[in-house]
Amino acid sequence: MSRLTVVAYTFGVLFFLVSCAFSVFYGYKVMSHDLPEEGNEIKGYNYHFVLVPEELDNDYWRLVEKGAQEAAKEYGVLLEYAGPKQANIDEHLKTIEMSMASKVDGIITQGLSDEQFTPLINRVVERVPVITIDTDASNSNRMSYIGTDNYYSGYLAGKALIEDTKGQANVAIITGSFYANHQQLRVQGFRDAVMSEQGIKIITMEESEISRVRAAEKAYQILKDYPEVNAFYGTSALDGIGIAQVVEKYKKTDQVYIIGFDNLPETLDYLSKGTIKATIVQEPYEMGYRAVQMMIDLIEGKTVPPVVHTNTRVLRAADLPVSHLGGREAGY
Ligand code: BGC
């Protein structure tokens, strides 16, 4: 082989390798817009965790992320927040799978349903510790759960509704998902709380798929199909907001009682105006913060309880600080 051929050949091989590297890199980037990075490339951190939310830009999950990032900063953890842009089980599962493949040190995620999440969590946990947050897959081998006692939170909602409606209501439920563990528990707790009340009837139940627009559409349809409905129970953060939009639009605020979940700014606005009468408050920031602490403890061999329940309580307009009552005082 002449010297020129060798040089040309070497150049060709180099060019080929560089092109391959670029295609792999950009291919990976395109495929995995929000997927975690390779664990062992992370320098300057003690650990690398991934937090997988139900929906990236959901205000509730941004609070979970905020708590987790705060703890991560304090303890020298690189925390990636990766998952579906809009609630989507397949993408959710894929992100967990990719996190495991990226050799992260810990995965914090919901255990949304037993059928799909339990087998995956059991497989992942053989290689990477998993903590469930917000929603438990209690039959899986996850190391620990931190979040609301979802059955109890539903029970609280039922009791609050009985108290506020004096035990007389025809209720429609709008739930985030028929299949998610926490949503089922929130419905079950509610049903059990109102079961022995003669004057309370559950008329129908619809699914919002974690979307405020869908919750509004469902609320509108329910009011059309079941004119006897005079109370709504929304079991996830955006349901109450969607229901409230419709109830206000059709000027039914005085006739329809709404109890929702969480205390996002819009929920508080509706609460202060009297459209939403009560909401079940969870502690998303606390969940995120403590999940990171628990993961560190687990990795460092400390004992971590299998279940840690964060606080849950009922909030009504009367409990709001005066600064939040501006809407009502201003009369809108
Ligand atoms: C639930 C989350 C859910 C969110 C949806 C919250 O009440 O705890 O699991 O993703 O609502 O908006």
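The values are calculated or read from the model by the stated rules, or taken from the named source; none is laboratory data. Note that the structure is predicted; figures quoted are calculated from it, not measured. For neighbour counting, all protein chains shown are included, and Cβ atoms are generated from backbone atoms with ideal geometry for every residue, glycine included. In case anyone asks, the SASA skips ligands and DNA or RNA and just uses the protein heavy atoms, side chains included. Shrake-Rupley method; radii C 1.70, N 1.55, O 1.52, S 1.80 Å.
In the stretch 139-165, the residue that is surrounded by the most Cβ atoms within 10 Å (Cβ to Cβ) out of those that are away from the ligand (no atom under 13 Å from the Cβ), assigned to a loop (DSSP other than H, G, I, E, B) and in contact (Cβ under 8 Å) with a residue 24 or more places away in the chain is Arg142. Among the residues examined, Lys94 does not qualify as at pLDDT 95 or above, among the basic types (Lys, Arg), within 16 Å of the ligand (Cβ to nearest atom) and under 25 Å from Arg212 (Cα atoms). Every condition in (1) more than 13 Å from the ligand (Cβ to nearest atom); (2) open to solvent by less than 30 Å² (accessible area, probe 1.4 Å); (3) in a loop (DSSP other than H, G, I, E, B) holds for Gly111 except the one numbered (1).
Collect the residues in the stretch 295-324 that are among the β-branched types (Val, Ile, Thr) and more than 26 Å from Ile258 (Cα to Cα), keeping them in residue-number order. If the condition is that a residue be among the β-branched types (Val, Ile, Thr) and more than 26 Å from Ile258 (Cα to Cα), then Ile296, Ile299, Thr303, Val304, Val307, Val308 are the ones that fit. Counting the residues of the stretch 28-68 that are modelled with pLDDT of 95 or more, away from the ligand (no atom under 16 Å from the Cβ) and either farther than 16 Å from Ile108 by Cα or within 16 Å of the chain's Cα centre (by Cα) (or both) gives 3. The set of residues in the stretch 87-101 that are in a loop (DSSP other than H, G, I, E, B) and surrounded by 22 or more Cβ atoms within 10 Å (Cβ to Cβ) contains only Ala87. Of all residue pairs spaced 6 or more apart or on separate chains, those with beta-carbon atoms under 8 Å, a first member in the stretch 261-277 that is within 14 Å of the ligand (Cβ to nearest atom) and a second member that is assigned to a loop (DSSP other than H, G, I, E, B) and not aliphatic (A, V, I, L, M) are Phe261/Thr235; Phe261/Ser236; Phe261/Gln282; Asp262/Ser236; Asp262/Gln282.
Test Thr132 against the criterion of being assigned to a helix (DSSP H, G or I), among the polar types (S, T, N, Q), at pLDDT 95 or above and buried (at least 16 other Cβ atoms within 10 Å of the Cβ), and give yes or no. So Thr132 fails the test. Among the residues of the stretch 101-111, is any touching a strand residue (DSSP E or B) at 6+ places or on another chain (Cβ under 7 Å), small (Gly, Ala, Ser), over 20 Å from Asp262 (Cβ atoms) and at pLDDT 95 or above? Yes: one or more hits. Of the numbered criteria (1) under 14 Å from the mean Cα position of the chain (by Cα); (2) open to solvent by less than 10 Å² (accessible area, probe 1.4 Å), the one Ala72 fails is (1). The selection criterion, being among the charged types (D, E, K, R), farther than 23 Å from Met294 by Cα and open to solvent by 20 Å² or more (accessible area, probe 1.4 Å), does not hold for Glu126.
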